[in-house]
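Here is the structure we will look at.
The values are calculated or read from the model by the stated rules, or taken from the named source; none is laboratory data. Just so it is clear, the model here is predicted, and its values are computed rather than measured. All Cβ positions, even for glycine, are placed from backbone atoms using ideal geometry, and neighbour counts span all protein chains on display. Side chains included, ligands, DNA and RNA excluded: accessible areas come from the protein's heavy atoms. Shrake-Rupley method; radii C 1.70, N 1.55, O 1.52, S 1.80 Å.
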Amino acid sequence: ESYDKTNLSEVYLFVSSTSDSQVVATCTEPNEKGGGPEQIIGDEVVNGHTFVHSTSDGAGAGNYYQQEIYRMVSEDVCHEVIYFIHYTNIGNYPPDTVKEFDRDAIFQELQGVFSTFTLK
């Protein structure tokens, strides 16, 4: 409800793991498939695990897509966590009908969930 009447369209937290050797071999490299090109930000430690952090942005027809991507290999398994945020251009709305969503609050929520990441 706190994001009703904002320009936020959707937010997802994706978590995946695979032991597919082809994926594992290139796990921490930027993914050239899918959305916009990825840029590596650097290493980031989350709950004791070191991930390669990259980002990807895209836009089209007044829509913006932002991904924060975290990947690591552990025991021949590629683990990937993605924050996916889709929002619209605030300028597309009549004045005072929609407010800009709180990007920092969204990231805090996503990081709070991700901070619990563990391997079994």
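Could you state the number of Å between the C-alpha centres of segment 1-40 and segment 49-120?
8 Å
First select every other residue whose beta carbon is under 13 angstrom from the beta carbon of Thr18; then total the charges, Lys and Arg +1, Asp and Glu -1.
Values: positive: Arg71; negative: Asp20, Glu75, Asp76, Glu80.
Neighbour charge sum, excluding Thr18 itself: -3.
What GluC sites (Glu not before Pro) in segment 1-66 are in a loop by DSSP, with at most 14 other Cβ atoms within 10 Å of the Cβ?
Taking segment 1-66 and a limit of 14 other Cβ atoms within 10 Å, the loop GluC sites (Glu not before Pro) found are Glu1, Glu32.
Work out Dmax and Rg for segment 37-96 from the C-alpha atoms and quote the Rg first, both in angstrom.
Answer for segment 37-96, Rg first and Dmax second: 15.5, 53 Å.
At q = 0.10, 0.14, 0.16, 0.19 Å⁻¹, what log₁₀ I(q)/I(0) does a Debye calculation on the Cα points of the chain give, no solvent, two decimals?
-0.36, -0.66, -0.81, -1.04
Counting only other residues whose beta carbon sits under 12 Å from that of Tyr3, what net charge do I get with K and R as +1, D and E as -1? Walk me through the numbers before you get to the answer.
Working: positive: Lys5, Lys99, Arg103; negative: Glu1, Asp4, Glu10, Glu100, Asp102, Glu109.
Around Tyr3, the charge tally is -3.
Grab every C-alpha pair in segment 28-69, bin the distances at 5 angstrom width from 0 up to the longest one, and report whole percents.
Spelled out per bin, shortest first, that is 6, 23, 26, 18, 14, 8, 3, 1, 0.
Against the longest principal axis of the chain, how steep is helix 103-114, in degrees 0 to 90 to the nearest 10, with axes from Cα atoms?
That helix lies at roughly 30 degrees to the long axis.
Between Ile41 and residues 5 or more places away or on another chain, which pairs have amide H atoms under 5 Å apart, with H built 1.01 Å from N, and which residues are they?
Counting only residues 5 or more places away or on other chains, the set is His53, Ser54, Thr55.
At a 1.4 Å probe radius, carbon and sulfur cover how many percent of the accessible area of the chain?
Heavy-atom surface of the chain belonging to carbon and sulfur, 1.4 Å probe: 48 percent.
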